[in-house]
Amino acid sequence: MAFVDAETERVLQESSVLLGRGAIMRGGIVKAIDYLSEQRSPHLLIVDISGIDLPLSQIHALADVCEPGTNVVAIGDHNDVGLYRDLVDAGVSNYIVKPLTRELLTRALTPKTNSGEMGRAAGSVKLGKMVSFIGARGGVGTTTLACNLAWHLANRQSRRVALVDLDLQNGDCSLLFNITTTPGVRDALANPLRLDPLLLDRIMTQHGERLFVLSSEEPLHENVQITATAIDTLFSVLRSQFHYIVVDVPRIPVPAFRRALEIADRRIIVVDQTMRAMRDAVRLTKMFGDREIPGAEHSAEHRNIFIVNRVGEHHALSLTDVHKVLQVQPTSMVPFLPNLVTPAAHHGLMAADKRGKFADAVATLALELSGRKRRQKWWRRAGK
């Protein structure tokens, strides 16, 4: 799909690269952002940034609406090596300077098969963000929060989201959404070389327009094991297909589950106001203190996010005490609302769908993950 001016449209139509497999629209990157905020992204996207005062800012805005795995080629009229490097660092596959010719476009857009790679056009704007949930202890509501966050990102932020329940025998993610699991998850993880977007599309269950759930209900008497290699392969494929991958990680100290926490962009540790939760939360943070991935976006300290759930249910520790123990301010504090959360779970509904303190707490967490700013209420803006 291309968003370009009339002259570029003419050259593209004359070129054989997009023949029969692309759509060309008049307009530049601003129109592309507006269009893709409502529509699915193409595999290859060509955008014109000519005459844009802040092209990098617009590229970042484009990355926010594009699905992961989209290859973006920018066309402009500014021949600047510094700009080219900045655009590539921002995730653009290639930058082509006008005036355009058929030969120039063909070289830029044709895959370089002689090197065994797709060349520069194989790049993408960005990969999806992986968010792993783990409870400091059992019963703190980790699965409930993971499901509600995934639902919020898909339905309130219009992101394409994958929710992965790694507990293949006792996981509750599918139960909370009242959906039927699809067979094949265990076999796919047992043969990671077979994992690809087509296979995942068959074994994931879609809930709504943008949320996809990967879960299973394997027999309890069988010994189900997942390797760390399978974890790496699974989430590598998912990152190229989804904006967010929300993972519910069991509290079992095995290599595969540790790996799901190690490679996550953000680790969300759910606690409550009990001594046991505080003790094990500290132990979890120590476990990952010296186990950072080279080149990771966040340090160990900033990759850990704490959520205090069911605030008010237990009074063993005050919120001040919780803050002192964790030595960091929790990102979100979710109130204990059994009259809202329990009926919602029983009926396959999301508590975050109903306005109130619970939905606000989930929204706060989503804003922390996305980096977006909270929108002011319309009546507050009107009063200024």
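The values are calculated or read from the model by the stated rules, or taken from the named source; none is laboratory data. Computed from a predicted model, the values in this text were never measured in an experiment. Here the Cβ positions follow ideal geometry from the backbone for every residue, glycine too, while neighbour counts run over all protein chains shown. Surface accessibility is based on the protein's heavy atoms, side chains included, excluding ligands, DNA and RNA. Shrake-Rupley method; radii C 1.70, N 1.55, O 1.52, S 1.80 Å.
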ask   = Looking at region 166-217, which of its residues are among the β-branched types (Val, Ile, Thr) and either touching a residue at least 24 places away in the same chain (Cβ under 8 Å) or not in a helix (DSSP H, G or I) (or both)?
value = ILE179, THR180, THR181, THR182, VAL185, THR205, VAL213
request  = Working only within region 234-252, note down all residues that are surrounded by fewer than 24 Cβ atoms within 10 Å (Cβ to Cβ), touching a helix residue (DSSP H, G or I) at 6+ places or on another chain (Cβ under 9 Å) and modelled with pLDDT under 95.
outcome  = VAL237, SER240, GLN241, ARG251
In region 226-254, the residues that are more than 17 Å from ARG186 (Cα to Cα) and not aromatic (Phe, Trp, Tyr) = SER236, ARG239, SER240, GLN241, HIS243, ILE245, VAL246, ARG251, ILE252, PRO253
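Quick grid of which residues meet (1) touching a helix residue (DSSP H, G or I) at 6+ places or on another chain (Cβ under 9 Å); (2) within 22 Å of ARG258 (Cα to Cα); (3) at pLDDT below 95:
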{"site": "GLY184", "(1), (2), (3)": "yes, no, yes"}
{"site": "PRO192", "(1), (2), (3)": "yes, yes, yes"}
{"site": "ASP201", "(1), (2), (3)": "no, no, yes"}
{"site": "MET204", "(1), (2), (3)": "yes, no, no"}
{"site": "LEU211", "(1), (2), (3)": "yes, no, no"}
message = When you scan region 107-130, do you find a residue that is modelled with pLDDT of 90 or more, more than 29 Å from VAL247 (Cβ to Cβ) and open to solvent by less than 30 Å² (accessible area, probe 1.4 Å), even just one?
response = no
note = Counted residues in region 323-373 being of a type in the set (A, V, I, L, M), farther than 17 Å from ASN309 by Cβ and open to solvent by 60 Å² or more (accessible area, probe 1.4 Å) come to 1
key: Subset of region 345-362 (residues that are modelled with pLDDT under 95 and not in a loop (DSSP other than H, G, I, E, B))   = ALA345, HIS346
Selected residue [open to solvent by less than 60 Å² (accessible area, probe 1.4 Å), on the phi < 0 side of the Ramachandran plot and of a type in the set (A, V, I, L, M, F, W, C)] from ALA162, ALA190 = ALA162
ask   = What about LEU87, is it touching a Gly at 6+ places or on another chain (Cβ under 9 Å), open to solvent by 10 Å² or more (accessible area, probe 1.4 Å) and touching a residue at least 24 places away in the same chain (Cβ under 8 Å)?
value = no
message = Quick test of your reading of the structure: THR181 fulfils all but one of (1) within 25 Å of ARG40 (Cβ to Cβ); (2) surrounded by 17 or more Cβ atoms within 10 Å (Cβ to Cβ); (3) out of contact with any Leu (no Cβ under 8 Å at 6 or more places or on another chain); (4) β-branched (Val, Ile, Thr). Name the failing condition by number.
response = (1)
